[in-house]
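Enquirer: For reference, the structure I am asking about is given below.
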Amino acid sequence: MRLPPSILSALALTIALPATIAGADSLTVARAEVSAVRLEGPISLDGILSEPVWSQTTPATDFKQRDPDEGAAPSQRTEVRMAYDDEALYVGARLYDTVPDSILARLTRRDFEVPCDRFIVYLDPLYDRRSGYYFTISAAGTLLDGTLYNDGWTDASWDGVWEGRAKVDAQGWTAEMRIPFSQLRFRRGSEYRWGVNFARAIQRRNEWVYLAYQPKKESGFVSRFPDLVGIRDVQPSRSIELLPYATTKAEYLRHEAFDPFNDGSRYVPDGGVDLRTSLGSQLKLNATVNPDFGQVEVDPAVVNLSDTESFFQEKRPFFVEGSSIFNFGNQGADDYWGFNWPEPIFFYSRRVGRNPQGFVPDADYTDVPIGTSILGAAKLTGKLSPSWNFGTLHALTARETAELDDGGTRSEWVVEPLTYYGVARGLREFKDRQHGFGLMTTVASRSFDQPGLRNQLNSESVVSGFDGWTFLDKSQTWVVSGWSAMSHVRGNTARMTRLQRNSRHYFQRPDADHVEVDPDATSLTGFGSRYWLNRQKGSMLFNAALGFMDPKFDVADVGFQNRADVINGHVGGGWRWTETTKIRKYQNVLGALFASYDFQGNPVWNGVWAQSQTEFANNYSWTTSTAYNPQTINNRLTRGGPLTVNKPGYELYNYLDTDGKAKWFYFVEGGAYVQPEAGDLNAWVNPGVEWKPASNLTLRVGPNYTRNVEVAHYLQTVEDPNATATFGSRYVFGRLDQTTIGAQIRLNCAFTPNLSLQLFAQPLISSGHYTEFKELARPRSFAFNPLTADGSYNVDPDGPGSSPAFTLENSDFGTSGNPDFTIREMRGNAVLRWEYMPGSTLFLVWTQERSDFEAASQFDFGPTVRKLVDAEMNNIFLAKVTYYLNL
């Protein structure tokens, strides 16, 4: 498969430019120092500080509170010492406590955070004052880790291979940590100067102490780190880390009788390998062959009745780890407000290996792959120079076919072509982070060997853009940041016509004078941009932004985007109080004005918003907000038809929770959006409770209830030349009364720091009933003409007239006749995780899914629940073992 020259050029530019514009190191300023000493003997990593190095070296002790009393002396003394040998960095911490029986030592599975006493080591080995790593150990010995970026934002996706032990004793507790140099990126030298910081949580007092803390009214965390000195004559690792895996999956699935492709059971062995190694001293290479994307966590069940795609979090290890390097557009500032701005995600890794997208012809039986096979993938991340961050990822997915059986005749049908995905990202900082400039390019290119797929999928797409920031003052209080990008999509005329008509674009809108479908187009080129002005220091807060995406902008082949054709802006601000009082620990009050327009000049969403957040002295918290939206134009309600009107609306939101460290933790979240003139209502409430009956056991139950009333919910479009008022089509709606109930139930039990059991269950029932069928009376209105349906849901709009009769359809579900629906789903899994040696893990997973759909409204609780319990189920049992090799 050959990439077109335009794509190759754009990708080469983004890869090459960082290498050609080398930068200088960040400015060096005087700051505190922490010394590490070379070990003269081995360390037994048992959590007991018995080795001579832990008593004979000078500790770091000058900690200060950030919470609750900023800048005050800690209530308990902390001593931290550091040592090293040729292979690793060692940390020994003595965390004194005058009441050791009150230490909150909660045992959880690795990387699962709960309120407890813990100790954190922060490292900036590249000494760029902007990025780094964090390593956390709890008083019970649970390990957590992640990476730092944007001078303080955290990314918990990284899983390093390191060790730590903790021990509670009569003086408090102690921690020992061993962090191999192979897990860190740093520049080769004979003597090193890194950034380092330490933090400690004394949970019963809700006290956080740091060696260097970020003041509550300021920004910047990594840039405040003291210097780590004393490390000499060690070298960045050149080792090769291999993580081979083997899985065995047993599937017991719902099936139809006589289905030749599914007799109800399937057994699938599999295997592959991941590789990590260094290229030079500052770049890490991750590669994978037949990557394992076994579903250890299930996606939540959702009922989506909108015209936009549902977004799901990435959970596959290869893509999750280090994913922050590919963040684009939100760099430099510490906060980004939106207000109905559909911020695109330029790299949405779930596009790689997605469900096959091609349609399948009608047949008696079909067997369609549930995902596209990834033949191989690789990513390279790190530094090209002291000030250039760089990352690139490349993946190749397989040609996938569905098997068909029609009357005993077998055939194959291609449902996904061979596809290449590429991403390249570079970001440079200038003058001690005073300015930043980044580039990013994404590419998708498909190789078609079946003509039908050319009509359904883009042949190539490329997105290129730049982002960055600049502080307007030396104190780095005011910052301008944002992005600008161009998208270019290619395909045949049938595909480009489909793309122009899909829900991101709706070029077919009959009363739009700024867009129209071009049936001869073979490409689509669009532009988008967004910039923020943010005040991020002091008591006064300010945030403003202006952005646009023109009607042709489209990043969805590799990214995620709900819509284009928008101009959006806001201006807002507020005040925050950070001084602790008898009542509160923190409070802010915020407000904003916002507006959105399309490129025709129609105001599509305006409003005013206010919010208050309070964290009380007893560790309860309360957030409340309200908004008012005046009447505006709706360019999406008819799903590609004429404009309608949004009636004025009012929004109210509240969230309240109790002290998270208590045995019983309660929370409730709820809100409502009301449009009185239209008669619409959307109200929801999500209460919940978390119970901690033992130090190693947590149970969280969160039921939810939603009531949704829409006077005009879109059902279908019917062509009718007699409907002259609405451009030759009837846009059919119904009053929707929908009730949804569900729950999320989680149980986490840790037997040791390395052995845990996690259970998750999510039942969901949603039922919708349609009445008062109607059609849009005229554009730019919320006026409707009634329609009458007979017992078979047939509609004759003009009786004996010449307009054709039609049957009601529900476009959300593709059903004909009764548009009512009842959805019943139950999803859950159980995961036993055992890290039997550092980096090597055994998973035993059971996943169950039940679902049932009925084209009728039924919400009698008892019968509905019984139908869910009686629904046929899919059961999947997975055993996965990985083995870590450091060669």
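Enquirer: Looking at this model, which pairs from LYS217/LYS692; LYS217/LYS431; LYS216/LYS474; LYS167/LYS582 are more than 27 angstrom apart at the alpha-carbon?
Expert: Values: LYS217/LYS692 34 Å; LYS217/LYS431 23 Å; LYS216/LYS474 19 Å; LYS167/LYS582 35 Å.
Cα-Cα > 27 Å for LYS217/LYS692; LYS167/LYS582; rest within.
Enquirer: Tell me whether the chain comes out rounded, prolate or oblate; compute the Cα gyration tensor, take square roots of the eigenvalues as a ≥ b ≥ c, and use a/c under 1.5 as the rounded threshold. Don't skip to the end; give the middle numbers.
Expert: Values: a/c = 1.60, a/b = 1.54, b/c = 1.03.
The shape class here is prolate.
Enquirer: On to the next question. Using modelled amide H (1.01 Å from N, peptide plane; none on Pro or chain starts), what sits under 5 Å from the amide H of TYR586, excluding residues fewer than 5 places away?
Expert: GLU615
Enquirer: Residues with beta-carbon under 12 Å from that of THR58, excluding THR58: net charge, scoring Lys, Arg +1 and Asp, Glu -1?
Expert: Details: positive: ARG81; negative: GLU33, ASP62, GLU79.
Computed value for this residue: -2.
Enquirer: Follow-up question, since we're still on this one. Counting only protein heavy atoms, what percent of the accessible surface of the range 820-887 is carbon or sulfur at a 1.4 Å probe? Before the final figure, lay out each step's value.
Expert: On the way: 2120 of 3300 Å².
Using a 1.4 Å probe with all protein chains present, the range 820-887 comes out at 64 percent carbon and sulfur.
Enquirer: Still on this structure, I have one more. Can you pull the percent of the range 275-357's accessible area that's carbon plus sulfur, 1.4 Å probe, other chains left in place?
Expert: Values: 1640 of 3240 Å².
Carbon with sulfur: 50 percent of the solvent-accessible area.
Enquirer: So for each of 792-798, 120-126 I average, over its residues, the number of other beta carbons within 10 Å; can you give me the resulting order with the highest mean first? Could the numbers behind the result be given before it?
Expert: Numbers: 792-798: 15.0, 120-126: 22.4.
Listed from highest to lowest mean packing, they are 120-126, 792-798.
Enquirer: Then there's this: Could you look at the range 458-536 and say what percent of its accessible area is carbon and sulfur, using a 1.4 Å probe and all protein chains?
Expert: Working: 1590 of 3070 Å².
Carbon with sulfur: 52 percent of the solvent-accessible area.
Enquirer: If you don't mind, there's one more thing I want to ask. So for the chain, taking the charge dipole from beta-carbon charges (+1 Lys/Arg, -1 Asp/Glu), which of PHE782, THR724, ALA175 sits furthest toward the positive end?
Expert: Value: ALA175.
Enquirer: Under a 1.4 Å probe, what is the accessible area of the chain per residue, stated in Å²?
Expert: 41 Å²
Enquirer: GLU251 to PHE311: FRET efficiency via 1/(1 + (r/R0)^6), r the Cβ-Cβ distance, R0 25 Å, to the nearest 0.05? Please list the in-between numbers first.
Expert: Working: r = 27 Å, r/R0 = 1.07.
Once rounded, the FRET efficiency stands at 0.40.
Enquirer: Placing +1 on the Cβ of each Lys and Arg and -1 on the Cβ of each Asp and Glu in the range 578-716, which of THR580, ALA678, SER695 has its Cα farthest towards the positive end of the resulting dipole?
Expert: Positive-end residue among those listed: SER695.
Enquirer: Pairs of alpha-carbon atoms within less than 8 angstrom and 6+ residues apart define the contacts here; what relative contact order does the chain have, in percent? Kindly include the intermediate steps, with their values, before the conclusion.
Expert: On the way: 2409 pairs, mean separation 83.7, N = 887.
Relative CO of the chain lands at 9 percent.
Enquirer: Along each of the three principal axes of the Cα atoms of the range 465-603, give the extent in whole Å, ordering the values from largest to smallest.
Expert: 67, 31, 23
Enquirer: With θ set to phi - 60° and the Karplus curve 6.51 cos²θ - 1.76 cosθ + 1.60, what are the ³J(HN,Hα) couplings of the range 711-719 in order, to the nearest whole Hz, using x for Gly and Pro?
Expert: 5, 9, 9, 5, 10, 6, 10, 10, 5
Enquirer: Which residue, GLY353, SER278, PHE560, has the largest displacement toward the positive end of the dipole of the chain when charges sit on each Cβ (Lys, Arg +1; Asp, Glu -1)?
Expert: Most positive-ward Cα: SER278.
Enquirer: I'd like to compare 396-402, 355-361: which one has the highest average count of other Cβ atoms within 10 Å, and what's the full order after that? Can you show the working numbers first?
Expert: Values: 396-402: 19.6, 355-361: 15.0.
Descending packing order for the listed peptides: 396-402, 355-361.
Enquirer: How big is the dipole moment of the chain about its Cα centre under a simple scheme where the beta carbon of each Lys and Arg is +1, that of each Asp and Glu is -1, and everything else is neutral? Debye, nearest 20, please. Intermediate results must be reported in sequence, preceding the final value.
Expert: On the way: 86 positive and 103 negative charges, 563 e Å.
The dipole magnitude comes to about 2700 debye.
Enquirer: Quick one: accessible surface of PHE751, probe radius 1.4 Å, all protein chains present, in square angstrom to the nearest 10.
Expert: Here the accessible area works out near 110 Å².
Enquirer: What number comes out for the charge environment of GLU690, summing +1 per Lys or Arg and -1 per Asp or Glu over other residues with Cβ under 15 Å away? Write down the numbers at each step before the final one.
Expert: Values: positive: ARG106, LYS661, LYS663, LYS692, ARG700, ARG746; negative: GLU113, ASP657, ASP659, GLU669.
With Lys, Arg at +1 and Asp, Glu at -1, the net is +2.
Enquirer: Could you name the lysines in cross-link range of LYS880, using Cα to Cα under 24 Å and dropping any fewer than eight places away on the same chain?
Expert: Result set, ordered by chain and number: LYS249, LYS315, LYS379.
Enquirer: May I pose another question? For n ≥ 4 DSSP H runs only, could you compute -39500 (n - 2.57) per run for the chain, divide by its residues and tell me the 222 nm figure to the nearest 500? If you can, show how the numbers build up before the last one.
Expert: Working: 6 runs with 47 residues, N = 887.
Dividing the helical sum by the residues of the chain leaves -1500 deg cm²/dmol.
Enquirer: Sticking with this one: With charges only on Cβ, +1 for K and R and -1 for D and E, what is the dipole size of the range 775-887 about its Cα centre, in debye, rounded to 20? Present the calculation step by step, with values, prior to reporting the outcome.
Expert: Values: 9 positive and 15 negative charges, 139 e Å.
Roughly 660 debye for the range 775-887.
Enquirer: Can you tell me the equivalent ellipsoid semi-axes for the range 109-190? Use √(5λ) from the Cα gyration tensor, largest first, whole Å.
Expert: On the way: eigenvalues 117, 44, 26 Å².
Result for the range 109-190: semi-axes of 24, 15, 11 Å.
Enquirer: What shape does the range 139-242 take by its C-alpha gyration tensor, where a ≥ b ≥ c are the square roots of the eigenvalues and a/c under 1.5 counts as rounded, a/b above b/c as prolate, and the rest as oblate? Display every interim value, and only then the final one.
Expert: Values: a/c = 1.70, a/b = 1.25, b/c = 1.35.
Cα axes put the range 139-242 in the oblate bin.
Enquirer: Read phi for every residue in the range 640-649 and hand back ³J(HN,Hα) as whole Hz from Karplus 6.51 cos²θ - 1.76 cosθ + 1.60, θ = phi - 60°, with x for Gly and Pro.
Expert: x, x, x, 5, 10, 10, 8, 6, x, x
Enquirer: So, by mean Cβ neighbours within 10 angstrom, what's the order for 104-110, 131-137 with the highest one leading?
Expert: Numbers: 104-110: 20.9, 131-137: 23.4.
Output ranking for 104-110, 131-137: 131-137, 104-110.
Enquirer: Let me ask you something else. Using 0.36 nm per residue of separation minus the Cα-Cα distance, give me the extension gain between PHE813 and ILE48 in nm, one decimal.
Expert: Numbers: separation 765, 0.36 × 765 = 275.40 nm, distance 6.14 nm.
In short, 269.3 nm is gained.
Enquirer: Rounded to the nearest 0.05, what FRET efficiency do ASP259 and ASN562 give with R0 = 35 Å and r taken as the Cβ-Cβ distance? Could you check?
Expert: Efficiency, from the Cβ-Cβ distance: 0.45.
Enquirer: Could you check the simple spin-label distance between LEU844 and LEU885, using points 7 Å along Cα→Cβ, in nm with one decimal?
Expert: 2.7 nm
Enquirer: Classify the range 250-344 as rounded, prolate or oblate, taking a ≥ b ≥ c as the square roots of the eigenvalues of its Cα gyration tensor: rounded when a/c is under 1.5, otherwise prolate if a/b is larger than b/c and oblate if not.
Expert: Details: a/c = 4.11, a/b = 1.30, b/c = 3.16.
In terms of gyration-tensor shape, oblate.
The values are calculated or read from the model by the stated rules, or taken from the named source; none is laboratory data. In this text, all values refer to a predicted model and were calculated from it rather than measured experimentally. Ideal geometry is used to build each Cβ from the backbone, glycine not excepted, and the neighbour counts take in all protein chains shown. Areas reflect the complete protein model, heavy atoms only, side chains present, ligands, DNA and RNA absent. Shrake-Rupley method; radii C 1.70, N 1.55, O 1.52, S 1.80 Å.
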